Every structure is written in structure tokens, then in C-alpha cells.
Amino acid sequence: ATLLSLFSPIYIFLGVEPLLNNVTFALILTLSFYLILYLSKFLTLLVSENLSQNIGFKGIIWLSALPFIGFVVTLIYSSQIPYLYLASAVLWGIHAAFYWWGYNGYFVKTAQGSHFGEAIGEVHFFETAAGILAPFLGAVALFLFGFKIVFLFSAILFLLSLVFLGKEHDKRQKHDIKFGEVIKLFVNHKSILLAYAGVGGEAVLYSSAWPLFLYLFYKHLVSLGVVVSLAALFAAIFGIAVGRFVDRYGERKIIQLGLPLLSLSSALKFIVRNSTAFVIADSLRNFGERMVELPLTELTFKKAIEGFSARAIMFREVALLVGSILAILSLAIVLYFGGDLGLSFILGSVLGAFPVVAILKHEIYDKDR
């Protein structure tokens, strides 16, 4: 997954840029791929919710393998048949909806409520541990073998992960939800909606615009991989410490500490453009992102065990998608009117600050409240 998320925007950009012979419009078209992806994910979430009542949360994860394989195959051949970019984006969105609905639902049903933060931190640690080697080794592999082999290898790794997941001890969703219920929650909890939307928007800019910026800056993939790998290395153990802090003290303090780091990271990337600054800035971003995203994720899971888990997870997923779509559209407009891709850092900083509204309105609070 790390290989695909990091290198897919570059692969798409390299595929469409010769067709358009215009860097700006190639960047906008690449962003359009992600817009279609997230719209597809949104529509599929409603299907995921119903299926999890019948086949279970692990069953949904297993089902996500079919669109995932389709996504990889169509992405590989899209450079030769450009219309396949559309199919690839749709299939990736369907896979993402199935996979993350199953993942979050199963996590809620099996993790211990009083230690959600530590459990989430441990999951992030393993994700980050994989992310330490994947960017650098993936960049080298791309240089030696090309995108197609690396994407196929990523697909094989995903299918192997399903074997380790297994099918036993599955959990099922018990209560059906209506999308109108989620809309009502948005109206009643506007600041929490903004917090999740901000996190989702900042994350999608990081996963799409940041790799593109690094590639255009260095003009090759190995330096890109070095920057991302070093930054991940410096942040590897930090997630568990953040999770334990949240379990002990609550969400408010850790988010207040993380927000300035996100802003500092964006400012550093925008102002000082060299390899050392990029590594430091990306490390700060990883720290800050964990300190903001992890407590909000724990907040979702706490709400899930207090009431209907599906409603809490749907609230989070749709809010993240709102932020993702807002970020993509905003950056595309900036690029269309002549803005630099580096402005994505400023946009990400603004979106990353959205959780401060929920803090000021006391909808996110400390444990001793």
C-alpha cells in the first residue's frame, strides 16, 4: 500500500504529461484521478455498511481484494490505454471503501476501549516500520525494474496479508444506519466535522501533491525515496508514545501540541527547499500528523463503543472524504490560475489547523474533564 500510494501519482503524471504536453494540466488531471477515487469511495461506503451485516468485517476486507486487483491491472495498462485511468480510479475507490470499513469495524469490535490509543499507536508503528524501507527500496526497484513490476509486487503483498488475516473469529455489524442519521450528526457536531475534514484534506495533499513536488524537484525517484524513508525512520516509535499519552490524558492536549508542528512543517517545506529541510519538515509532519490524527481516530472508536459503531465510523469516513475532495478541488483551482505546486503546503497547513475549532468549542477535551 505504501508503494502504491507514494508512487501512483508520479506514474499517473508521467503517463498523462506527454499526452497534454503541459505540466500544469497534467498535474490537474492527476488530481482529477484522486477526485474520482474519493467520489467512488463515498458511494461505495453505503454498500459496505450493508454488506458488513451479512458477510462480516473480515469478509468485507477479503471482498476488497477483487477491486484491488482490478485497480492494479488497469493502472498498469493505463499508460497505454488512457481511458483505463478512469476505471482504475473507480476500482481503487471501491477497494478503499470496502477495506477501510472492514478494518475500522473489526478494530472497534476487538480492541480494548481503555487502550484504544495505544492499540492505534501500535498499528501505526507497524505501518510506519513498513514505510521506512518501502519508499527507498521502492524507488530503487522502480529505477531497476519499472513501475509495473513494483505495482504487481504490491498486489502480491496485499494478497498475502489477507492470508495472515484469515477468516476466523470475524465480527459483524449489528445495526443498520441511514445516511440521513449521519447528516444529522454533521449538523449537530459541525466542529468535529471540520476537524476530520481538515485531517482528511491535509492527508490527501500529502499523499498526492508531496510525491509530485519531490519528483519535480529532484527529477528522479531515488532522492524522493530517501527523503520519505528518513522522515519515516525518525517518526517510527513516536506513534505508540502518542497513543499512550492519549489513553492517559485525553485528546485535547496532544492535538494542541501537534497542530503547531503541522504548521511548522508546511512553512519549512515552502520556504527552505533543500534535502535537509525536506527531511526535517517531513519528520515534523509525521510527528504532528500522529498527534492530531491518532486522537481523532480514538475519539471515533470511543464514540463507536458508546453507541452504534457503524454510525461513528460512517461519520468519520464521510467527513474525511469531504476534506479530501475539498483539498483536491482547491489545489486544482490554485494550479489552474497559475499557482505553484508548493502552495499545497500552505493549503495543507490551513486544512490541518481545522481541529482547533473543535478544541475552542470544547468538543474535544481532556480525560480529567
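Across the range 186-199, computed HN-Hα scalar couplings (Karplus, 6.51 cos²θ - 1.76 cosθ + 1.60, θ = phi - 60°) run 4, 5, 7, 10, 5, 5, 5, 4, 4, 4, 5, 4, x, 5 Hz from first to last residue, x flagging Gly and Pro. Relative protection proxy for 21-29, 48-56, from highest mean packing down: 48-56, 21-29 (other beta-carbon atoms within 10 angstrom). When the listed pairs Lys58/Lys190; Lys58/Lys178; Lys58/Lys361; Lys109/Lys184; Lys148/Lys219 are checked against a 26 Å cut-off, the alpha-carbon distance exceeds it for Lys58/Lys190; Lys58/Lys361. Derived scalar couplings between HN and Hα for the range 26-32 equal 5, 5, 5, 5, 4, 5, 4 Hz in order, rounded to whole Hz, by the Karplus curve 6.51 cos²θ - 1.76 cosθ + 1.60 (θ = phi - 60°), x for Gly and Pro.
For the range 28-76, the fraction of C-alpha pairs more than 13 angstrom apart is 66%. Taking every protein chain into account, the 1.4 Å probe leaves Tyr103 with about 60 Å² of accessible area, to the nearest ten. The 3J(HN,Hα) values that the Karplus relation (6.51, -1.76, 1.60; θ = phi - 60°) gives for the range 347-353 are, in residue order, 4, x, 5, 5, 5, x, 8 Hz. Gly and Pro appear as x.
The values are calculated or read from the model by the stated rules, or taken from the named source; none is laboratory data. Remember, predicted model here, so these are calculated numbers, not experimental data. Backbone-built Cβ (ideal geometry, glycine too); neighbour counts: all protein chains shown. SASA here: full protein model, heavy atoms, side chains in, ligands and nucleic acids out. Shrake-Rupley method; radii C 1.70, N 1.55, O 1.52, S 1.80 Å.
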